[in-house]
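S.K.: This is the structure I have questions about; it appears just below.
The values are calculated or read from the model by the stated rules, or taken from the named source; none is laboratory data. In this text, all values refer to a predicted model and were calculated from it rather than measured experimentally. Backbone-built Cβ (ideal geometry, glycine too); neighbour counts: all protein chains shown.
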Amino acid sequence: MIRDVPSRGNEEIELYRRTYFSLLRSTGDIRVRSLEETHCAMNSSLHVGADDPTPDISAFVYSVMRLPQCLPRVRLVLMGQSAEVFARRGYPEVERWEPVTAHSRRRKMFFDGQSRLAAFIASVSDIDDLIPMLTAYQIEWNKLHHRLADNPILARIEDHLSGRRLLWPDEVGTVADILGVSADDFTKLQAAWGSMLWTNLLQVGRERKDLAIRLLAGSLIDYHRATDGWWSTIAQEMIRFLGSDPFYRPVYFVSSNTHSLFNLLGGYALTIEAELAAFLEEENPENLWYHYSRLKGDKDSDQFRNLLYYALGKYLRFGEAEVRAEKLAAMHRFHRERGLLHVENPLYLDVAAQVVELKSLRPEVFDRRVCGEDLKLLRDSDAIIFNIDYPLGMAAYHVFSRVATHLGPLRGVYFMGKAATLNGQVGDVMIPNVVYDEHSQNTFLFKNCFVAGDVTPYLLEGSVFDNQKAVTVRGTFLQNKDFMGVFYKEGYTDIEMEAGPYLSGVYETIYPTRYPVNEIVNLFINAPYDIGVIHYASDTPYSRRQTLLSKSLSYFGMDATYAAAIAIVRRIFSQEIARLRERR
């Protein structure tokens with residue numbers, strides 16, 4: 001257990017959390033400005049310049065990338081667990097509002113086109129994530145407003161937007177100087193806002209940001225109801241797909257994403273390579289055409305396959321809504337014919353679920369990296385893989401508990417996701433066997449079924465570190481230097497948001513009681529199935545060279561993602577083949 005955290009680094013964080021949770025009990029709107037003082041006092045590692053009059057563009061861009069692009073127009077953020085909660089509190093059919101998304105955070109959100117944003121929350125972790133981001137956004141917006149307000153440059157920006165007279169390059173530099181930001185920081189802002197840069201800057205100069213928040217429902221029961229609503233759709237689709245109740249089938253539970261397993265097992269990207277190549281040549285997102293041209297001469301290489309998998313995601317998200325829907329439908333039909341089902345429930349959690357029926361798979365289309373001996377035995381398997389698009393924080397506990405209750409006997413649970421590393425580099429892979437959970441204050445000890453040798457053969461760049469110690473935090477902003485320093489001194493080098501809640505759920509599948517609090521929990525002895533945890537580094541908070549604030553994994557993140565996914569699939573196949581041999 002970590003003994004020093006409450007006294008060193010955590011007091012300010014806990015004060016901030018107590019402040020916004022106490023205010024959110026109100027039935028009225030909560031002004032974000034009432035949270036700014038405690039937010040600044042927290043000294044967040046992601047918002048080091050919160051209390052400085054100079055704009056902290058890195059923190060602002062971090063928030064911009066994880067909030068929808070409509071936020072400059074938003075005045076009120078409504079938070080609820082489901083469409084039913086919104087309707088019950090006077091906002092019927094919010095799902096008919098305009099769907100909006102963020103670049104770097106998956107959350108179901110709808111904009112009424114005027115000033116209200118409806119954000120669907122799956123657990124308390126969504127509150128711990130949203131509120132600090134909204135507060136940081138407002139603090140930094142108003143710093144920029146203070147510098148731009150009543151400045152003659154606003155007239156020039158307005159002329160630029162109207163087409164009367166475009167801004168000259170030296171005038172763009174003048175805008176950066178007025179804002180008090182470097183050329184690099186201005187480039188970050190431009191990348192985050194894209195085509196809306198000048199429109200948003202004009203609004204920044206004209207208006208202070210004064211956001212308000214309203215939590216429509218916040219009880220634990222409301223989160224349970226949302227999870228039940230999510231599960232009801234998943235279960236119905238799964239029964240239709242399998243032709244039987246999955247309660248009687250062995251299950252391998254995976255928390256990862258919605259692309260890696262299906263790409264490795266379905267081969268869809270390879271079948272539409274010509275379409276993907278044409279798309280890359282015409283649109284060239286992230287300069288991927290260059291990489292395709294360089295790699296297409298060796299189509300059997302791992303790099304080429306990873307590139308096609310990444311290009312497929314870009315291709316599916318490109319075009320008008322109807323075009324995107326048609327492309328997705330074609331892919332889903334292809335996958336269903338190969339034993340792969342994808343299900344979403346748009347009225348509840350933004351957590352897609354996927355079902356893989358092992359006996360229906362076609363090994364001849366597998367990515368060669370997951371192939372092994374005796375795959376033909378899988379034809380006799382009654383097992384399924386249940387994969388979900390990893391939830392945020394405590395939503396992992398709610399979802400896993402519901403899934404484990406309604407599915408068959410667990411044969412393995414495998415959790416894969418992003419993390420920050422205190423001693424590695426972006427793209428490295430960490431394999432922990434100790435997890436300290438900020439939610440329960442438990443220290444979980446477990447036998448991780450993976451070791452470095454399971455991942456290293458498939459990792460083209462980066463390094464793999466096993467026998468690591470991870471800490472599950474409540475939110476990305478809810479950390480400061482003292483907080484992280486305590487963990488680092490205790491040997492914790494892996495910071496993430498889901499492993500602790502998942503292991504709390506694992507505990508409840510093994511023992512007859514609810515997970516404990518503030519204990520050392522030993523899962524070594526009684527765990528009757530595989531437990532596997534793999535994290536890949538997306539952030540190095542102690543490094544000035546590369547952090548999540550300034551570097552995106554993008555295409556280069558595919559290396560670590562697929563190395564981890566390959567290790568998981570190979571482990572599942574080996575476990576299931578061993579079970580089938582034993583049964584014979």
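Here's the yes/no breakdown for (1) assigned by TED's automatic domain parsing to the domain that holds ARG73; (2) modelled with pLDDT of 95 or more; (3) more than 30 Å from LEU15 (Cβ to Cβ):
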{"residue": "PRO132", "(1), (2), (3)": "yes, yes, no"}
{"residue": "HIS145", "(1), (2), (3)": "yes, yes, no"}
{"residue": "ASN151", "(1), (2), (3)": "yes, no, yes"}
{"residue": "ALA155", "(1), (2), (3)": "yes, no, yes"}
{"residue": "TRP168", "(1), (2), (3)": "yes, no, yes"}
{"residue": "SER195", "(1), (2), (3)": "yes, no, yes"}
{"residue": "THR199", "(1), (2), (3)": "yes, yes, yes"}
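S.K.: Right, another one. Out of all the residues in region 179-194, is one or more at negative phi and touching a Lys or Arg at 6+ places or on another chain (Cβ under 7 Å)?
M.R.: Scanning region 179-194 turns up at least one residue that is at negative phi and touching a Lys or Arg at 6+ places or on another chain (Cβ under 7 Å).
Let's see how each residue does on (1) more than 30 Å from VAL403 (Cα to Cα); (2) part of a loop (DSSP other than H, G, I, E, B); (3) among the hydrophobic types (A, V, I, L, M, F, W, C):
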position	(1), (2), (3)
LEU265	no, no, yes
ALA269	no, no, yes
GLU286	yes, no, no
HIS291	yes, no, no
ASP298	yes, yes, no
GLY313	no, no, no
PHE318	yes, yes, yes
ARG324	no, no, no
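S.K.: Quick one: is ILE157 part of a helix (DSSP H, G or I), touching a helix residue (DSSP H, G or I) at 6+ places or on another chain (Cβ under 6 Å) and surrounded by 18 or more Cβ atoms within 10 Å (Cβ to Cβ)?
M.R.: Criteria met by ILE157.
Here's the yes/no breakdown for (1) over 21 Å from VAL399 (Cβ atoms); (2) without any contact (Cβ under 8 Å) to a residue 24 or more places away in the chain; (3) surrounded by fewer than 17 Cβ atoms within 10 Å (Cβ to Cβ):
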| site | (1), (2), (3) |
| --- | --- |
| TRP198 | yes, no, no |
| GLU207 | yes, no, yes |
| ALA212 | yes, no, no |
| THR227 | no, no, no |
| TRP230 | no, no, no |
| THR233 | no, no, yes |
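S.K.: OK, next. Output the residue which, of all residues in region 382-426 that are among the hydrophobic types (A, V, I, L, M, F, W, C) and more than 24 Å from PRO250 (Cβ to Cβ), is surrounded by the fewest Cβ atoms within 10 Å (Cβ to Cβ).
M.R.: LEU422
S.K.: Testing ILE566 on (1) at pLDDT below 95; (2) crowded, with 19+ Cβ neighbours inside 10 Å, one condition comes back false. Which one is that?
M.R.: (1)
S.K.: Further question on the same structure: Would you point out the residue of region 470-516, among those that are part of a helix (DSSP H, G or I) and aliphatic (A, V, I, L, M), that is surrounded by the fewest Cβ atoms within 10 Å (Cβ to Cβ)?
M.R.: ILE510
S.K.: Further question: Which residue out of ALA452, ALA470 is closer than 24 Å to PRO501 by Cβ and modelled with pLDDT of 95 or more?
M.R.: Sole residue among the options that is closer than 24 Å to PRO501 by Cβ and modelled with pLDDT of 95 or more: ALA470.
S.K.: Hey, among LEU46, LEU78, which residue is part of a strand (DSSP E or B) and either within 29 Å of ASN480 (Cα to Cα) or not basic (Lys, Arg) (or both)?
M.R.: Step by step, each of LEU46, LEU78 is checked, and only LEU78 is part of a strand (DSSP E or B) and either within 29 Å of ASN480 (Cα to Cα) or not basic (Lys, Arg) (or both).
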